[in-house]
1. With (1) part of a loop (DSSP other than H, G, I, E, B); (2) farther than 21 Å from V16 by Cα as the list, and E61 as the residue in question, which single condition is left unmet?
2. Those residues that are open to solvent by 20 Å² or more (accessible area, probe 1.4 Å) and either out of contact with any Ser or Thr (no Cβ under 8 Å at 6 or more places or on another chain) or in contact (Cβ under 8 Å) with a residue 60 or more places away in the chain (or both), I need them from region 53-81; list them, please.
3. Restricting the search to region 45-60, which residues are out of contact with any helix residue (DSSP H, G or I) (no Cβ under 7 Å at 6 or more places or on another chain) and farther than 12 Å from Y25 by Cα?
4. Quickly run through region 64-86 and pick out the residues that are more than 20 Å from S17 (Cα to Cα) and not aliphatic (A, V, I, L, M).
5. Pairs, please: C-beta under 6 Å, at least 6 apart or cross-chain, first residue aliphatic (A, V, I, L, M) and in region 15-32, second surrounded by fewer than 16 Cβ atoms within 10 Å (Cβ to Cβ)?
Amino acid sequence: SWLQGASPMEDMATYVSIWVPVAPYSVLSASDSQLRSLLVNNIGVLAIHGDGDRSGRQVSERLVDVADADSVELEGGHAVYLSSPEEFVETVLDFIGVGGERMF
């Protein structure tokens, strides 16, 4: 299981309320039902990728299509948090509702 001692995806919402993947290529091999479980379990997803990361864009598009994720493209490559650190932090804080309302 993804968390030792927990059953598969159904228990995920007990531990996770927001997921902010930064172009994780493993999303491309995840099943649709695994990704849909994020939506079913009411887990907000903010997919972030750099404008120079073509595979990261594919990951974000898949999360938008299957898990109803929000998606943001920032200037940079795969490690977009290094290329655009201020924009990255601001985007994440906006998504989780620091200083305002939650986006999901």
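The values are calculated or read from the model by the stated rules, or taken from the named source; none is laboratory data. The structure displayed is predicted, hence computed values, not measured ones. Neighbour counts are summed over all protein chains in view; Cβ atoms, including those assigned to glycine, are modelled from backbone coordinates with ideal geometry. The accessibility values were calculated without ligands, DNA or RNA, using every heavy atom of the protein model including side chains. Shrake-Rupley method; radii C 1.70, N 1.55, O 1.52, S 1.80 Å.
1. Answer for E61: the failing condition is (1).
2. Of everything in region 53-81, those that are open to solvent by 20 Å² or more (accessible area, probe 1.4 Å) and either out of contact with any Ser or Thr (no Cβ under 8 Å at 6 or more places or on another chain) or in contact (Cβ under 8 Å) with a residue 60 or more places away in the chain (or both) turn out to be R54, S55, R57, Q58, R62, D65, V66, D68, D70, A79, Y81.
3. D51, G52
4. Taking region 64-86 and keeping what is more than 20 Å from S17 (Cα to Cα), we get 73-86.
Answer for region 64-86, where residues must be more than 20 Å from S17 (Cα to Cα) and not aliphatic (A, V, I, L, M): E73, E75, G76, G77, H78, Y81, S83, S84, P85, E86.
5. none
Let's see how each residue does on (1) open to solvent by less than 50 Å² (accessible area, probe 1.4 Å); (2) at pLDDT 85 or above; (3) of a type outside the set (A, V, I, L, M); (4) on the phi > 0 side of the Ramachandran plot:
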position: A6; (1), (2), (3), (4): yes, no, no, no
position: D11; (1), (2), (3), (4): no, no, yes, no
position: I18; (1), (2), (3), (4): yes, yes, no, no
position: L28; (1), (2), (3), (4): no, yes, no, no
position: V40; (1), (2), (3), (4): no, yes, no, no
position: V45; (1), (2), (3), (4): yes, yes, no, no
